[in-house]
Amino acid sequence: MIKTAVIGFGLSARVFHLPFIASNTDFKLVGISTSQPEVAECWPGVQIYADADSLIQHTDASLIVITAPNRAHFSLAKTALLAGKDVLVEKPLAVTMFEAIELQKLAQQRQRKLAVFHNRRFDDDFVALQQLLQSGQLGAVQLMYSRFDRFRPQVQARWKESAEPGNGVLYDLAPHLLDQVIVLFGAPDSITASCQSLRAGAPQGDATGIDYFQLRLDYLATATLPARQVVLSSSPFCAHPAPRFELHGTGGSVISYGLDPQEQLLRDALQQTPQQATAVFTSADWQQRPHNRHAEIWTQAGKTILPFAASHYGDFYQQLALYLQDLGPAPVPLADAILGLQLIELALQSSTQQRAVILPEAVPVPL
């Protein structure tokens, strides 16, 4: 059994990590670091630490899960690795590509496991689209749109929306979209981006982070594949149900709407029964989550329906357990996470310089 301790008790920890750790028999939750008093009531019998450093230095956990604000990911992961712990970091792995590479090298030197959490690889629509592309039904995909919109016209007073490096939707939502594209198509040849702060300032008058982006990833034609273009975007002003995915290929098109309901079901369960975080997994709503979830496939023969099977974010922890025991690969290769951070940094460069930026042939290694 993998003794596990979690740094943080915010939404990420309570929705995406603690329920799945507690419900997986390969893991044993032994510690949480937080200043929030309700944690003891929600997780009785678990050792509570006042801060992350105390947890890292005193817990007997072999795995540390980091759900702190993005700016702290690098320093906390480094401290945990130096303390001889395996580490799982909530996305993004770090704020910069070079920080991520340094963590990768440190984990190798210390012979510890380092992993990054990208739960959207386990969304029902994305899993179905992967299978569809593998079937070859769409032919060669030449155009893809992927959107993760919200209707949040007012800035919220929370760290994710501040102008501090590593915040804003470019580090909150773009990592999901980029990671999915990397899974499907690998690294693009160039990126052209617009990254903006469109909303009025925060209530306290503070500067706000990027709240809108459009990223265009271009793939050059090869000897076996035509050119491909991928457009990723997120807006805080989208109140209508825009498509989540659109893919257009030489054999047809596919379009889907809405988000995998897992996150919302977990949020709702947390509000109703915060002391029973795993109860959602036995609820009727959880069992019925794929109800009416589907995409439309359009070809010359007309329209067909692609039903979505129920996916499960717990599959990430299943794969993580195998990885930690040297029985399987990491759920998300570190190389993919590093490429995602590189694309974010190049997107910022492209947006500032208002030009396309060509990806270097190799990731530069810091001295």
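Below is a table of values for the structure above.
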item: Residue satisfying condition, being surrounded by fewer than 22 Cβ atoms within 10 Å (Cβ to Cβ) and at pLDDT 95 or above, within set LEU133, LEU103; result: LEU133
item: Identity of the residue in segment 39-72, free of Cβ contacts under 8 Å to residues at least 24 places away in the same chain and under 25 Å from the mean Cα position of the chain (by Cα), that ends up nearest to THR278 (Cα to Cα); result: ASP51
item: Test for PHE281: is it in contact with an Asp or Glu (Cβ under 8 Å, 6 or more places away or on another chain), of a type in the set (A, V, I, L, M, F, W, C) and touching a residue at least 12 places away in the same chain (Cβ under 8 Å); result: no
item: Verdict on LEU184 being surrounded by fewer than 21 Cβ atoms within 10 Å (Cβ to Cβ) and in a helix (DSSP H, G or I); result: yes
item: Qualifying residue in segment 57-67 (condition: among the small types (Gly, Ala, Ser) and either at pLDDT 95 or above or crowded, with 22+ Cβ neighbours inside 10 Å (or both)); result: yes
item: Members of segment 10-38 that are in contact with a strand residue (DSSP E or B) (Cβ under 6 Å, 6 or more places away or on another chain), under 18 Å from GLN275 (Cβ atoms) and surrounded by 20 or more Cβ atoms within 10 Å (Cβ to Cβ); result: ALA13, HIS17, ILE21, LEU29, ILE32
item: Top-ranked residue in segment 161-181 [being in a helix (DSSP H, G or I) and free of Cβ contacts under 8 Å to residues at least 60 places away in the same chain; ranked as farthest from SER256 (Cα to Cα)]; result: GLU161
item: Cross-chain or 6+ apart pairs with Cβ under 8 Å, segment 116-133 first and among the polar types (S, T, N, Q), then not in a helix (DSSP H, G or I); result: ASN119/TYR313
item: Residue match in segment 115-129 (condition: crowded, with 18+ Cβ neighbours inside 10 Å, more than 22 Å from ASP26 (Cβ to Cβ), at pLDDT 95 or above and touching an Asp or Glu at 6+ places or on another chain (Cβ under 6 Å)); result: yes
item: Residues of segment 83-98 classified as under 24 Å from LEU343 (Cβ atoms) and without any contact (Cβ under 8 Å) to a residue 40 or more places away in the chain, total; result: 2
item: Top-ranked residue in segment 260-277 [being in contact (Cβ under 8 Å) with a residue 24 or more places away in the chain and surrounded by fewer than 15 Cβ atoms within 10 Å (Cβ to Cβ); ranked as farthest from the chain's Cα centre (by Cα)]; result: GLN275
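To keep it simple, each residue is scored yes or no on (1) out of contact with any Gly (no Cβ under 8 Å at 6 or more places or on another chain); (2) closer than 20 Å to ASP326 by Cα; (3) outside any strand (DSSP E or B); (4) in contact (Cβ under 8 Å) with a residue 24 or more places away in the chain.
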position: ARG14; (1), (2), (3), (4): yes, no, yes, yes
position: PRO37; (1), (2), (3), (4): yes, no, yes, no
position: ALA77; (1), (2), (3), (4): yes, no, yes, yes
position: LEU81; (1), (2), (3), (4): yes, yes, yes, yes
position: GLU102; (1), (2), (3), (4): yes, no, yes, yes
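The values are calculated or read from the model by the stated rules, or taken from the named source; none is laboratory data. Note that the structure is a prediction, hence the values are computed from the model and not measured. Backbone-built Cβ (ideal geometry, glycine too); neighbour counts: all protein chains shown.
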